[in-house]
Amino acid sequence: MSTNFQMKKLKHLTPLFFLLILGCSKHDATKVTIATASNMQFAMKEIANSFTQQTGIDCDIVFSSSGKLTAQIKEGAPYDIFVSADTKYPTVLYNKGFTTQVPEVYAHGQLVLWSLTRGMEPNLKTLTRSSVRHIAIANPKTAPYGEAAISVLKHFGIYETVKDKLVYGESISQTNQFIISGAAEIGFTAKSVVLSNQMKEKGSWMAIASESYTPIAQAAVIIKKDLVHENALKFYEFLFSSTSQEILENFGYLVSAK
């Protein structure tokens, strides 16, 4: 019988979490706190570093799935900007009155199939072989890249064949850990991950045909507060600047001009 283990859903944020992060915000109100989808982990660090170098403004970055970050924002997490892996979650926040403006697409993400298992060729036929017992994907309920992975499997007619092999991470970061640790022989992740300096020499990967899943348009919004400080506005503008767009392109994103 195939093993199908799923990570338990994270519980609601504890009051202690809010006290800690609120304490950090009060300690230095000049910092920009950016809630960022996990696929952007490596690219966002480079963008934030470049922003700090140019402006002297420090950034605090919180990484998680877009769905989890949306839930946290609704619960009052003190983020200044939300950089999502899709347009759906920022639009939900906009419609609920949590943002200052409509979401703007800063890039389009691309999906890849990645394996660190020696001798394993990452392609869709490989997924159906008995040697593959676990296939890592992000949770499609909270992570847009997971939703895209399910679309790919259905598009090529192999979802029913491999569904019992699927191992769900709560974000792309956790999905990557399944692949890196060997808990899954292969998995779907963001192209930005395999192109990062930390991962580009590890394993092998193949790009997934873009027509097999809905384009992953990634949008950002400024979170509405009593007072949106100027530094948050500066970072938001910087995200759409030529400097950031070049960084995103280097990480495999298809960039969009503002």
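The values are calculated or read from the model by the stated rules, or taken from the named source; none is laboratory data. Every value quoted in this text rests on a predicted model; they were computed, and no experiment measured them. Reconstructed Cβ throughout: ideal geometry from the backbone, glycine too, with neighbour counts over all protein chains shown. To get the accessible areas, we keep the full protein, side chains included, count just its heavy atoms, and leave off ligands, DNA and RNA. Shrake-Rupley method; radii C 1.70, N 1.55, O 1.52, S 1.80 Å.
Observations on the model:
- Any hit, the stretch 211-234, residues being within 27 Å of Ala48 (Cβ to Cβ), assigned to a helix (DSSP H, G or I), out of contact with any helix residue (DSSP H, G or I) (no Cβ under 6 Å at 6 or more places or on another chain) and without any contact (Cβ under 8 Å) to a residue 40 or more places away in the chain: yes
- Cβ-Cβ distances below 9 Å connect the following pairs, each with a first residue in the stretch 93-111 that is open to solvent by 70 Å² or more (accessible area, probe 1.4 Å), a second residue that is of a type in the set (Gly, Ala, Ser), and a separation of six or more residues or different chains: Val102/Ala219.
- Qualifying residue in the stretch 177-189 (condition: hydroxyl-bearing (Ser, Thr, Tyr), touching a residue at least 40 places away in the same chain (Cβ under 8 Å), touching a strand residue (DSSP E or B) at 6+ places or on another chain (Cβ under 8 Å) and surrounded by 19 or more Cβ atoms within 10 Å (Cβ to Cβ)): yes
- Asp164 being over 14 Å from Gln218 (Cβ atoms) and open to solvent by 50 Å² or more (accessible area, probe 1.4 Å): yes
- Sole residue being on the phi < 0 side of the Ramachandran plot, exposed (fewer than 15 other Cβ atoms within 10 Å of the Cβ), modelled with pLDDT under 95 and touching a helix residue (DSSP H, G or I) at 6+ places or on another chain (Cβ under 9 Å), chosen from Asn250, Asn197: Asn197
- Among the residues making up the stretch 61-77, those that are over 21 Å from Ile47 (Cα atoms) and open to solvent by less than 30 Å² (accessible area, probe 1.4 Å) are Gly67, Thr70, Gln72, Ile73, Ala77.
- The condition of being open to solvent by 50 Å² or more (accessible area, probe 1.4 Å), of a type in the set (D, E, K, R) and without any contact (Cβ under 8 Å) to a residue 24 or more places away in the chain holds for only one of Lys202, Lys154, that being Lys154.
- Search result, residues across the stretch 123-143 that are part of a helix (DSSP H, G or I) and buried (at least 20 other Cβ atoms within 10 Å of the Cβ): Leu127
- Condition check for Tyr89 on (1) in contact with a Gly (Cβ under 7 Å, 6 or more places away or on another chain); (2) surrounded by 17 or more Cβ atoms within 10 Å (Cβ to Cβ); (3) in contact (Cβ under 8 Å) with a residue 60 or more places away in the chain: one failure, at (3).
- Of all the numbered requirements in (1) touching a helix residue (DSSP H, G or I) at 6+ places or on another chain (Cβ under 7 Å); (2) at pLDDT 95 or above; (3) not in a strand (DSSP E or B), Trp205 misses one, and that requirement is (3).
- Any hit, the stretch 64-76, residues being in a strand (DSSP E or B) and modelled with pLDDT under 95: yes
- Residue check, Leu13 of a type in the set (A, V, I, L, M, F, W, C), more than 25 Å from Tyr106 (Cβ to Cβ), modelled with pLDDT under 50 and open to solvent by less than 70 Å² (accessible area, probe 1.4 Å): yes
- Comparison of Gly146, Gly119 shows that the only residue that is outside any strand (DSSP E or B) and within 18 Å of Gln218 (Cβ to Cβ) is Gly146.
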